């Protein structure tokens, strides 16, 4: 299958060696963003990412998600919070929303990109675009100022997304939203309005999300006491992940990824909400955990108290019957929080030419990779002619580093990789066991 790579997950908050979040995240909203969460959706898994950025000149403007590169250059410099110490920090109060929230959000990011609507987010139109991303169970919701006319044209025409060309057909209207059905075997449904895009597997799910937002359907936080307490206690911050009733978090981890012990500890509990809130002007972040479980006992609370918040400068713990809440504040002397320009350089150089390992060369010796630049659409299509025997294949744009990977290259006919305006080339990287090499490239 086509999947988001670890680099892509990093760009949406999943921790590996270094950690950046898309956007210079502003203050969290004072009220929980729960208007999209329907009452009858339990077991309920949610994740939320605030993509807005605080600007000294223009207030709050949207920031382009890193999976949707800019159409053009900009004279302004945008900064992202950089947390190089997060991976070394053995404090799950911070790492849980980053790791688990990042995994869930990544799936939503992929859904939007795959629909072909990614290019609607444009830095040249700083008051338009997706500024908030929600994932609720199997529903993805992008909220912002949407160019409906351009989106409609793109959906009908079948503009290429990262998974190829998918055409959508309008089927109905509901409360200011036009419903579209994808021309695929699964028939994905998309709801489009001037302020949101809603994507799900079924029409009823999309309708329920829209009706919940409009107030025509009961909301989880208003009808479920436990959910209400979770959101009142932890809010949604700038990045959050949580669940009501037990969920299988293992389903959110792909390939060789696995849950950490601390994530497994939280996954044992029925109702959890974990959030992060960034304060760029203060050089700090606040992590909050709210948890309710009828089986909460001294052993559970001791393990959480001993591990969660261990690196925080200030912590506040509250335990009342079957409910626990914990808040920790982290400053730059703990996390080495700084603000850096986005677009980190690549890591270890990938061998090319005569330096490509022999087993990598053999894995693609009967394969031809054909490149078709579609720069007006912001991507390059790479076709696979022949059967690839590698464990995985990564298509990478340089120097931006935008990429997409597949762990089943033998089943692929083509993939599309998003490119930035200043990219100079696209390369194909094949991996066999622990060896990788560039096996094809094209200049842009």
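Table for the structure above
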{"read-out": "Gain in span if fully extended, residue 361 to residue 305, counting 0.36 nm per residue against the direct Cα distance", "value": "15.0 nm"}
{"read-out": "Packing-based exposure ordering (other Cβ within 10 Å, fewest first) of 367, 130", "value": "367, 130"}
{"read-out": "Förster radius 25 Å - calculated FRET efficiency between residue 157 and residue 413, Cβ distance, rounded to 0.05", "value": "0.75"}
{"read-out": "Sites residue 194 and residue 232, calculated FRET efficiency, Cβ-Cβ separation with R0 35 Å, nearest 0.05", "value": "0.70"}
{"read-out": "Three semi-axes of the equivalent ellipsoid, the stretch 353-443, Cα gyration tensor, whole Å, largest first", "value": "21, 14, 11"}
{"read-out": "Least to most buried among 376, 138 (fewest other Cβ within 10 Å first)", "value": "376, 138"}
{"read-out": "Label-point separation in nm, residue 354 to residue 422, each point 7 Å along Cα→Cβ", "value": "3.4 nm"}
{"read-out": "Extension reserve of the residue 376-residue 295 stretch, reckoned as 0.36 nm per residue once the Cα distance is removed", "value": "23.5 nm"}
{"read-out": "Gain in span if fully extended, residue 433 to residue 368, counting 0.36 nm per residue against the direct Cα distance", "value": "21.3 nm"}
{"read-out": "Exposure proxy ranking, count of Cβ atoms within 10 Å, fewest first, for 36, 229, 243", "value": "229, 36, 243"}
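Taken together, the values in this text are just the output of simple stated rules run on the coordinates, not laboratory data. All values reported here derive from a predicted model rather than from experimental measurement. When we count neighbours, we look across all protein chains shown, and the Cβ atoms used for this are built from the backbone with ideal geometry, even at glycine.
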